[in-house]
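Participant: Quick one: the structure is below, questions incoming.
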Amino acid sequence: MSKQRKKDPITASIGRTLDFGQFVSCRQTWDFVSDLDQIKDQVDALVQEGEAERAIRLYEAFLAGLYDKAEETDDSGGELGAFFQGLFVSWIIARQKAGRPAEETVREVLGWINNDNYGFCHDIEGAVARTLNREGLALFRSHFRNLFETAFAPFKCEAPRRIYDYPAEVFLPARVLKSIYIAKRDVRSYVALCEMMTVSPKDCEEVGNMHRARRRFAEALEWVERGLSLEHEHQWGNESSSSLAFMRRKLLDKVGRTEEAFQMTWEQFQRHPCEYAYADLMKHVAGEDREHWHDKAMEAARRTSLSGFIEICAKTKEWDILARHVDAVTREEVESVSHYVTEKAVKGLARGHASAAAKVYAALGMRIVKAGKSKYYRYALDHLRSAKKLAGKAGHAEMWSSLVEEVRKNHARKQGFMPGFEEIAAGRRPVSDSFEKRAKKRWKKQVSQ
């Protein structure tokens, strides 16, 4: 009788951590994956220590177990899928370290990709291409090239189409080939493939990035400008690119066309003023010109976008200018701005501009109330409490009384909100525990096991 192989203790750890039969909710996924990552570190260490064959067995058990666990995991955030892909790459590395045949490795990789029902292998081909050795990569690339050429043969003599206008048998292997060429920065093969179909703005972005990575800035700029021109010719859908204008500005600087780069940056700011566009603009401005361009940027933002204007004022601490503008617009206009923007500004305003801060706090509260987001009503009440306090401080009691009348008229049926609001309107503070009771609660929480 052959001696039975002793069970690897790391295999047991994998099984315990996967904990089959227990569902992993979306909120638990991060901690779950963190625990798995600690085990992966142990297996990765085996490869470095010369135990690649042992590591292969562990990786394969790990990958299979992880795939079975997919049915018991809410991976809405994608953490489990990302972990799977990292584990998959480590498995390939271990196989190559152990000297396993490239043909066998590629065959098993393709098996996983073809049999994947959970999307764990979605877009994994680029990572695989970066990991495979020369022989493996040639086999991997050849597989998809053969699929593409067979499917594309009937269309060779026809006018080129956009990639997704071809049947799936053509565009799927073509898309994989593009991922492989990008991973290996193979510009020539990428361009040759694109020109069999139709070059898209997304293709121009990818080719531009490959040239830029090799510091071929002039060639990169040519492709970016081609992509910007193509954007106006069709509705490209997923083959469009929102990055081309940004890339062009950066590349203009690289090729010495700084005036043109600055003009483009200014035009982009005028169209979409925001904190980041402002920072990008000011990078191009010499020290002695900063005040002039700051004033121009503020005026352009004031005319174009309340959201952008608030962002820039908060960033540059222009509280006086922001307060005057907030006082000049309606509360409803402030409500239309994302709370991510207004919350950045309101505390700065509250230090010296009570009237404007009261309006922003009122807008923050009413934004939640009007949306009927009951789970956020406690935040709405906090904002409205601050609005009342600051309106009184500014001597604008009528602002608060008008708001109370509006809320009672339009939102009286919101039972999760109105009792708390009426307490604020009446000037009553919410009942809180005594210090002694609060301290006891905290101590009990801190020492509990």
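The values are calculated or read from the model by the stated rules, or taken from the named source; none is laboratory data. As the structure is a computational prediction, the values presented were derived from the model and not from experiment. Note: ideal-geometry Cβ built from the backbone for every residue, glycine included; neighbour counts use all protein chains shown.
Participant: Within the range 388-432, which residues are outside any helix (DSSP H, G or I) and closer than 27 Å to residue 349 by Cβ?
Facilitator: Listed by number, the residues that qualify are 394, 395, 396, 411, 417, 427, 428, 429, 430.
Participant: Would you confirm whether or not the range 181-197 contains a residue that is within 16 Å of residue 255 (Cβ to Cβ), under 23 Å from the mean Cα position of the chain (by Cα), buried (at least 18 other Cβ atoms within 10 Å of the Cβ) and at pLDDT 95 or above?
Facilitator: Within the range 181-197, none of the residues are within 16 Å of residue 255 (Cβ to Cβ), under 23 Å from the mean Cα position of the chain (by Cα), buried (at least 18 other Cβ atoms within 10 Å of the Cβ) and at pLDDT 95 or above.
Participant: Of the residues that sit in the range 296-316 and are charged (D, E, K, R) and over 28 Å from the mean Cα position of the chain (by Cα), which one is surrounded by the most Cβ atoms within 10 Å (Cβ to Cβ)?
Facilitator: 302
Participant: Could you please give the count of residues in the range 89-111 that are more than 35 Å from the chain's Cα centre (by Cα) and closer than 14 Å to residue 139 by Cα?
Facilitator: Result for the range 89-111: 4.
Participant: Still on this structure, please answer the following. On the basis of being part of a helix (DSSP H, G or I), within 18 Å of residue 110 (Cα to Cα) and out of contact with any His (no Cβ under 7 Å at 6 or more places or on another chain), does residue 141 make the cut?
Facilitator: Yes, satisfied.
Participant: Just to be sure before I move on: is residue 254 basic (Lys, Arg) and within 26 Å of the chain's Cα centre (by Cα) in the structure I sent?
Facilitator: No.
Participant: Please give the number of the condition residue 161 fails out of (1) crowded, with 18+ Cβ neighbours inside 10 Å; (2) not in a helix (DSSP H, G or I).
Facilitator: (1)
Participant: Identify the residue in the range 60-95 that is among the aromatic types (Phe, Trp, Tyr) and within 23 Å of residue 49 (Cβ to Cβ) and, among all such residues, is surrounded by the most Cβ atoms within 10 Å (Cβ to Cβ).
Facilitator: Among those residues, the one meeting the criterion is 62.
Participant: OK, next. Name the residues in the range 164-180 that are of a type in the set (A, V, I, L, M) and either surrounded by fewer than 19 Cβ atoms within 10 Å (Cβ to Cβ) or under 15 Å from residue 126 (Cβ atoms) (or both), would you?
Facilitator: Result: 168, 172, 174, 176, 177, 180.
Participant: In the range 316-331, what residues are in contact with a Phe, Trp or Tyr (Cβ under 7 Å, 6 or more places away or on another chain) and among the hydroxyl-bearing types (Ser, Thr, Tyr)?
Facilitator: Within the range 316-331, none qualify.
Participant: Another question about this same structure. For the range 45-76, name all the residues that are among the polar types (S, T, N, Q) and in contact (Cβ under 8 Å) with a residue 40 or more places away in the chain.
Facilitator: Matches in the range 45-76: 73, 76.
Participant: Please state which of the following conditions residue 217 fails to meet, knowing it meets all the rest: (1) farther than 30 Å from residue 174 by Cβ; (2) surrounded by 15 or more Cβ atoms within 10 Å (Cβ to Cβ).
Facilitator: Against the list (1) farther than 30 Å from residue 174 by Cβ; (2) surrounded by 15 or more Cβ atoms within 10 Å (Cβ to Cβ), residue 217 comes up short only on (1).
Participant: Here is a further query. Considering only residues that are free of Cβ contacts under 8 Å to residues at least 24 places away in the same chain, surrounded by fewer than 17 Cβ atoms within 10 Å (Cβ to Cβ) and assigned to a helix (DSSP H, G or I), which ones fall in the range 357-375?
Facilitator: 371, 375
Participant: Hey, another quick one. Cβ-Cβ below 8 Å, separation at least six or inter-chain, first residue in the range 235-262 and exposed (fewer than 14 other Cβ atoms within 10 Å of the Cβ), second among the small types (Gly, Ala, Ser): which pairs?
Facilitator: Hits for this filter: 255/218.
Participant: Still on this model: When you look at residue 139, is it more than 25 Å from the chain's Cα centre (by Cα), under 29 Å from residue 211 (Cβ atoms) and touching a residue at least 40 places away in the same chain (Cβ under 8 Å), yes or no?
Facilitator: no
Participant: Could you check, for the range 345-356, whether at least one of its residues is free of Cβ contacts under 8 Å to residues at least 12 places away in the same chain and either farther than 17 Å from residue 408 by Cα or touching a Cys at 6+ places or on another chain (Cβ under 8 Å) (or both)?
Facilitator: The answer is yes; a qualifying residue exists.
Participant: Do we have residue 301 as under 30 Å from residue 248 (Cα atoms), touching a residue at least 24 places away in the same chain (Cβ under 8 Å) and assigned to a helix (DSSP H, G or I) here?
Facilitator: yes
Participant: Given the residues 341, 326, which is the only one that is without any contact (Cβ under 8 Å) to a residue 40 or more places away in the chain and buried (at least 22 other Cβ atoms within 10 Å of the Cβ)?
Facilitator: Residue meeting the stated conditions: 326.
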